[in-house]
2 protein chains.
Amino acid sequence: MDVDIVSTGHTPFGKCSEDIGGLMLNACNEALENANTGASDVDAIYISNFSSSFSNQCQLPGLLTSKLGVGNEITRVESACAAGGLAVKEAALAILSGLYDKVLVCGVEKMSETPTDKATEIIARASDQEEINHGATFPSLFALMAQRHFHEYGTMEEHLASVAVKNHKNALNNSLAQFQKEISVEKVMNSRYIASPLKIFDCSPLSDGASAVLMCRKELSRKYTDAPVNFAGMGHYTDYIGLYERKSLTEMPAVARAAKKAYSMSGLSPGDIGFAEVHDCFTIAELVEIEDLGFCKKGEGKNIVTDGTTEIDGSLPINPSGGLKAKGHPIGATGVSQVVEVVKQLQGDAGKRTISGVDTGLCCNIGGSGSSAVVSIFRRE
Amino acid sequence: MDVDIVSTGHTPFGKCSEDIGGLMLNACNEALENANTGASDVDAIYISNFSSSFSNQCQLPGLLTSKLGVGNEITRVESACAAGGLAVKEAALAILSGLYDKVLVCGVEKMSETPTDKATEIIARASDQEEINHGATFPSLFALMAQRHFHEYGTMEEHLASVAVKNHKNALNNSLAQFQKEISVEKVMNSRYIASPLKIFDCSPLSDGASAVLMCRKELSRKYTDAPVNFAGMGHYTDYIGLYERKSLTEMPAVARAAKKAYSMSGLSPGDIGFAEVHDCFTIAELVEIEDLGFCKKGEGKNIVTDGTTEIDGSLPINPSGGLKAKGHPIGATGVSQVVEVVKQLQGDAGKRTISGVDTGLCCNIGGSGSSAVVSIFRRE
């Protein structure tokens, strides 16, 4: 596509002192400053945010105008945890429409002030009321997927643990990550169950944070950076909301369909992808997604998450940022944060965790129990 | 723009028995059936919805897939009460991007099951926390605008009452309207104050409802209808969230800026507009908006709302549908419902309330106390 990402902004993820407006402002200002420009130079802004119930604040577009001190055309988008990927998609469509040249995207969520039980209830609104009324929450829905994956393919708790260990290890080199603490497979295996077979270390945390990217028409990108990153392909698909409505518990058809579209648009195949940020809200999600993205055959995820392939020095690094598991998961910010990581990697600006010799990166951002998915592919210019 | 509206769908507004998914399904199905097509023929869907707190349901994209029985690319957008106008804007951008041919838009809100005090609190989240923490709610914010308008321009309660009377009268011919009941200026004047000078009949109600439009590339529209309506121009602007941050209490700069853009894109001026649906969440809002849209000079709104100009048989009918006041205001559905009315009028399909001899209609959809505005102009093909 004739759309480039030219700069990024990213607050620390975790428990932050800023309110939701301050988080947005910090991420936006960093992206604008990194492109040596200002808010009044931007033609439109997209905000991704999951739920107004965490901060009792809707109308984030108006709030962002007040924070930036200048009006704009600002739109919030949402499709559960896939909000961030969608905001990046909408920004690309705005540029491709020919009506906008430069578009800022900001993802945000402020969750830490909400008690955990209340937060769990708010997050459950991303699923079907039938499921929720029968007692399901997101940990239990993903636990069902894991149980079935174990049954069909011989995947084991140790395989899932290795995903958590890798992502925590990667986050050691990410100063913005919520957990910068190494863990071991043994530690994961001995941690308490949340929803069997998922233990506390299989689950991503509640987080505050914001992330931002500045996008523009390809012809303009050198005005803002010497290292533009091209938005090569995007795919989006919305599947049934209920896990029980899906033919298989071990597949996310939305991911497969979104990926197919993104690969087709970019002219790339899974084998061409240098590294990926995937949506590890639970460790089983990372495993299912790397299968549905075509990085290995269905059922073989357990092999590549343990044989070193997905380590940062492997042939296909997954979640070099630390992923949702260790970097944190401020829901609306996550999809944009994935793009920030891919762009920073491709700009050679990811510090100690920079992956050398890669020209393409992929983001897989899902919502609900896989009911929505956005897959985006980026390429060094 | 090379974008047409080809069909519409609209549930009754008011207290409906359907849940939020059923409301969406009914509006979408009607729009699809009116174009003799099906959900699988649509390339993308945009949903407008204000708050998940009314129905405890986020991830409406996944829910709509489940209701329609077929997946798609579905995105929810929000900017307070301007969500509907924004969804139509995003659908137009998707078509203009060249990546999508046919896009469905569905606005929805299910509010009647929420107690009034809780609903008032949820709606207040569309404003600044500073205002809300000091005791403001939306009736009181719009009451401030009215008080100042009275002070500056000699507007009186009777002028506002005439807006309510007209909109109730128009709704008598709208079988989908929440209030199909004639009222008099005397009845409005004798009704109880909610926030002085606004009385109960100056306020729009809490409502359930959904609305939908099917949009496509102009070249394709004759496949779906003999009476396509062209989306001639659109404008969007996001101002400060707080009323206290605005220079004047009697103007909505977001409306003026959005209108300027929409007029420019369409090549039309206020004098070319045949009729308009404007956002009369409170009667004072209709009066301020018709001024800021350029239909009369600032301060002269009181004249054209009482001299017959804005009556359905006047020279510039305003809110032929009954407006938010009488048709109802299911927040996320409102902006799309405005487009439905304009399209039906331009298709000559508005029954007894059809305005004869008009070729252009305008929609003005605002969010918050005017912190966001979307102005859209449509023209008979």
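Quick note: the coordinates plus some simple rules give every number you see, no bench work behind them. Please read these numbers as outputs of a predicted model, since none were measured by experiment. Quick reminder, even Gly has a Cβ in these numbers, built from the backbone with ideal geometry, and neighbours come from all protein chains shown.
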Chain A: relative contact order from alpha carbon pairs under 8 Å, six or more residues apart, as a whole percent, is 27 percent
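Which links in B:261/B:297; A:67/B:218; B:218/B:260 stretch past 30 Å when you go from one Cα to the other?
Numbers: B:261/B:297 19 Å; A:67/B:218 39 Å; B:218/B:260 24 Å.
Result: A:67/B:218 exceed 30 Å.
May I ask you to give the average projected area over all directions of the convex hull of the Cα atoms of chain B, in nm² rounded to one decimal?
Values: hull surface 65.0 nm².
It is 16.3 nm².
For the stretch B:1-98, which semi-axes, largest first and in whole Å, follow from the square roots of 5 times the eigenvalues of its Cα gyration tensor?
Numbers: eigenvalues 86, 55, 37 Å².
The three semi-axes for the stretch B:1-98 are 21, 17, 14 Å.
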Using modelled amide H (1.01 Å from N, peptide plane; none on Pro or chain starts), what sits under 5 Å from the amide H of residue B:208, excluding residues fewer than 5 places away?
-> B:14, B:15, B:16, B:111, B:112
Distance from the Cα centre of the stretch B:144-183 to that of the stretch A:316-358, in angstrom?
-> 54 Å
Test item: B:78-86 mean partner chain Cβ contacts at 10 Å | 5
Given the C-alpha centroids of the stretch B:67-126 and the stretch A:49-128, what is the distance between them in whole angstrom?
-> 13 Å
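Rounding to the nearest 20 debye, state how big the charge dipole of chain B is about its Cα centre with +1 on each Lys and Arg Cβ and -1 on each Asp and Glu Cβ.
Numbers: 34 positive and 46 negative charges, 35 e Å.
So the dipole magnitude of chain B works out to roughly 160 debye.
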How far is helix B:283-292 tilted off the main Cα axis of chain B, in degrees rounded to 10, range 0 to 90?
-> 80 degrees
Treating the angle as unsigned and between 0 and 90°, give the value, to the nearest 10°, between the Cα long axis of helix B:331-346 and the longest Cα principal axis of chain B.
-> 70 degrees
If you average 1/r over every pair of different alpha-carbon atoms in the stretch B:289-328 and take one over that average, what Kirkwood value in Å do you get?
-> 10.5 Å
With chain B treated as a Gaussian network of Cα nodes joined by springs under 10 Å, which of B:301, B:368, B:314 yields the largest mean-square fluctuation?
-> B:314
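Averaged across the residues of B:93-104, what count of C-beta atoms belonging to other chains lies within 10 Å of each residue's C-beta? Display every interim value, and only then the final one.
Details: counts 12, 6, 2, 6, 10, 4, 9, 1, 0, 0, 0, 0.
Counting Cβ atoms of other protein chains within 10 Å of each residue's Cβ and averaging gives 4.
Run through the stretch A:316-381 and list the trypsin sites (Lys or Arg not before Pro) located in a DSSP loop whose Cβ has at most 13 other Cβ atoms within 10 Å.
Values: sites: A:325, A:327, A:344, A:352, A:353, A:379, A:380; in loops: none.
Qualifying residues, ordered by number: none.
So if I take the alpha carbon set of the stretch A:165-213, get Rg, then get Rh from the Kirkwood formula, what is the Rg over Rh ratio? Please list the in-between numbers first.
Details: Rg = 12.5 Å, Rh = 12.1 Å.
Rg/Rh: 1.03.
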Contact order relative to length of the stretch A:119-232, as percent, for alpha carbon pairs under 8 angstrom and 6 or more apart = 20 percent
From DSSP H assignment alone, runs of 4+ in chain A each adding -39500 (n - 2.57), the sum over residues rounded to the nearest 500 puts [θ] at 222 nm at -10500 deg cm²/dmol
Over all directions, average the projected area of the Cα convex hull of the protein assembly as shown and note it in nm².
-> 28.4 nm²
For the Cα atoms of chain A, what angle does the longest principal axis make with the long axis of helix A:20-34, in degrees from 0 to 90, nearest 10?
-> 60 degrees
Radius of gyration, Dmax [the stretch B:104-243; alpha carbons; angstrom] = 19.1, 55
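Based on DSSP, what percent of beta bridges with both residues in the protein assembly as shown are antiparallel, to the nearest 5? Before the final figure, lay out the partial values.
Values: 83 of 113 bridges.
Percentage antiparallel, nearest 5: 75.
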Which distance in nm do the two modelled labels at residue B:15 and residue B:151 give, with both placed 7 Å along the Cα-to-Cβ direction?
-> 3.9 nm
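Considering only DSSP states other than H, G, I, E and B, which GluC sites (Glu not before Pro) in the stretch B:29-127 qualify as loop sites with at most 15 other Cβ atoms within 10 Å? Don't skip to the end; give the middle numbers.
Details: sites: B:30, B:33, B:73, B:78, B:90, B:109, B:113, B:121; in loops: B:73, B:113.
Here the GluC sites (Glu not before Pro) that fit, given the DSSP loop and packing criteria, are B:113.
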Pairwise centroid distance, computed over Cα atoms, of the stretch B:1-29 with the stretch A:193-231, Å | 34 Å
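Using the Cα atoms of the stretch B:125-200 to build a convex hull, what is its mean projected area in square nanometres? The partial results should precede the final answer.
Numbers: hull surface 25.0 nm².
Taking a quarter of the hull surface, the average projection is 6.2 nm².
Counting other Cβ atoms within 10 Å, keep those with at most 16, restrict to DSSP loop, and tell me which GluC sites (Glu not before Pro) in the stretch A:231-309 are left.
Numbers: sites: A:245, A:251, A:277, A:286, A:289, A:291, A:300; in loops: A:251, A:300.
Of the GluC sites (Glu not before Pro), the ones in loops of the stretch A:231-309 whose Cβ has at most 16 other Cβ atoms within 10 Å are A:300.
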